[in-house]
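Accompanying notes for the structure given below.
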Amino acid sequence: MSGMSDDFELETLALHTGIHRSQFNEHSEALFLTSSFVFDSAAQAAARFSDAEPGNIYSRFTNPTVTAFQERLAALEGAEACVATSSGMSAILACTMGLLRAGDHIVASRSLFGATVSLFNNILKRFNIETTFVSATDVSAWEAAVRPATRLLFMETPSNPLTEISDIAALAAVARKAGAWLAVDNCFCSPALQRPLEWGADLVIHSATKYLEGQGRVLGGAVLGKRDLVMDGGIFGFLRTAGPTLSPFNAWVILKGMETLNLRMERHSENALEIARWLEAQPGVAKVHYPGLPSHPQYELASRQQKTGGGIVSFELKNGREAAWRVVDSVRMISITANLGDAKSTLTHPATTTHGRISQENRDAAGITEGLLRIAVGLEAVKDIKADLARGLTR
Ligand SMILES: *Cc1c(COP(=O)(O)O)cnc(C)c1O
């Protein structure tokens, strides 16, 4: 089943790619909990270490369960190569440390996951890699920010929490002209809804912690792209040397989650669209941000670039923090937690949690108001989600 052709649809690939049965002919993917692998002889050990003979050596380099995850995700994204990482953040770290050197420059979306901003600003900067942050939606701002030293353009779409849409094809053209790579964090859509490589991106980043795993159990991540970039270009080399690789147990949990990815993304999107429409009609709600709503400023681009709107909806209450906190404190079923992509609905007040460490000024610039809430709409009955939100909205 490993050498499955491209003729299969995503739903089929998600169930069958990456399966290499052991001598026991197990039906479900085997979990290889082992740190190292045994050689038949001194000569074989030497051949493995010198790359003369392919095969597993040590699980910091490769592990069969992790390889299965890599093959399956590569098939879903339509990528030549995939390397798994211990988390989404270590995927971004591996991408930058593997490809960049001191003096290089990054142009990045202003609307990035908070830890990604910290990684670029506080850590990469110490190694003399500078980042210019620009609007997620203004392509000309990206062009203007490019310098001779620019090597990487980095963005996520839809963005967190305001669901801004970046035009992948347009930014891929900017990257090509600049002689830089375009990396897209595809966490919010997953390959079930959006495949950035088809729009010209060079690299796809995943936090597998979110929708790929889908049930909030383990952390994981991945970097995908052309083989010469991912495997030979330094990303895999960084990982096997520095060590933030994916554990086989986590790979196995995520593999099982990926079997239902498409079904879940369809239902997350259906539920989210219904919640977004319902929120738009609530008197206490000033604004709803959801790419599947015709009121979204980039509705057309979103409709072209992604299959459906996805599971994340943000909305602004008219009466600021007090009204927002009342909704949060009134829920009985929805979880108050910062994770997303879980089968269970989760609710966050970004201004005081995920974006709480950012200065008020930068928060305002990013549009993270005190009245903003983000709901990652889960797989519960949509009627029950509405009822839980309504308690705090109407009181
Ligand atoms: C969660 C998240 C990350 C980081 O992933 P971890 O697995 O938590 O390290 C990166 N990008 C986006 C968009 C995320 O939502």
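The values are calculated or read from the model by the stated rules, or taken from the named source; none is laboratory data. What you are looking at is a predicted structure, and each value in this text was computed from that prediction instead of being measured. Counting neighbours? That spans all protein chains shown, and the Cβs are built from the backbone with ideal geometry, glycine included. Each accessible area value is taken on the protein alone, full model and side chains, heavy atoms only, with ligands, DNA and RNA left out. Shrake-Rupley method; radii C 1.70, N 1.55, O 1.52, S 1.80 Å.
General observations
- Between Gln215 and Ala115, the contour length at 0.36 nm per residue exceeds the Cα-Cα span by 33.8 nm.
- Segment 1-87: chymotrypsin sites (Phe, Trp or Tyr not before Pro) in DSSP coil with no more than 10 other Cβ atoms inside 10 Å: Phe24
- Using alpha-carbon coordinates, inclination of helix 261-280 to the longest axis of the chain, degrees: 10 degrees
- Where a label projected 7 Å from the Cα of Lys386 along Cα→Cβ would reach, residues of segment 269-293 with amide N under 16 Å: 270-285
- Note on the chain: helix-only mean residue ellipticity at 222 nm, from DSSP H runs of 4+ residues weighted -39500 (n - 2.57) and normalised by residue number, equals -11000 deg cm²/dmol.
- Most tightly packed first, judged by the mean number of other beta-carbon atoms within 10 Å of their residues, the peptides 353-362, 110-119, 372-381 read 372-381, 110-119, 353-362.
- Between the residues Leu162, Ala79, Ala91, the greatest Cα displacement towards the positive end of the dipole of the chain, with unit charges on the Cβ of Lys, Arg, Asp and Glu, is found for Leu162.
- Degrees separating the helix 168-178 axis from the principal Cα axis of the chain, which is the longest one: 60 degrees
- Close amide-amide hydrogen proximity is noted between Thr150 and His105, each under 5 Å apart and 5 or more residues distant or on a separate chain (H modeled in the peptide plane; Pro and chain starts excluded).
- Among Gly78, Gly341, Gly88, residue whose mean-square fluctuation peaks in a GNM of the chain (springs only between Cα atoms under 10 Å): Gly78
- Leu100 accessible area, 1.4 Å probe, all protein chains in place, Å² to nearest 10: 20 Å²
- For the set Glu156, Glu164, the ranking by accessible area, highest first and with no ligand, DNA or RNA atoms included, is Glu164, Glu156 under a 1.4 Å probe.
- The Arg357 and Glu80 beta-carbon pair, evaluated with R₀ = 41 Å, returns a calculated FRET efficiency of approximately 0.65.
- For the pair Lys226 and Ala169 in one chain, pulling the backbone fully straight at 0.36 nm per residue adds 18.8 nm over the alpha carbon distance.
- Per DSSP, loop GluC sites (Glu not before Pro) in segment 46-124 with at most 15 further Cβ within 10 Å: Glu80
- Pairs from the list Lys125/Lys318; Lys210/Lys383; Lys318/Lys344 with a Cα-Cα gap above 28 Å: Lys125/Lys318.
- Under the convention that each Lys and Arg Cβ holds +1 and each Asp and Glu Cβ holds -1, the size of the dipole of segment 73-167 around its Cα centre is about 460 debye.
- Cα-centre dipole for the chain with unit charges at Cβ (Lys and Arg positive, Asp and Glu negative), debye to 20: 1000 debye
- For segment 42-116, size of Cβ-based charge dipole, Lys and Arg +1, Asp and Glu -1, in debye: 260 debye
- Here r is the Cβ-Cβ distance between Glu26 and Ala281 and R0 is 51 Å; the resulting FRET efficiency, rounded to 0.05, is 0.50.
- Degrees separating the helix 248-258 axis from the principal Cα axis of the chain, which is the longest one: 50 degrees
- Of all beta bridges that DSSP places with both ends in segment 89-203, some 0 percent have antiparallel geometry.
- Segment 117-128 - phi-based ³J(HN,Hα) in whole Hz, Karplus 6.51/-1.76/1.60, Gly and Pro as x: 4, 5, 4, 5, 6, 9, 9, 4, 4, 5, 9, 6
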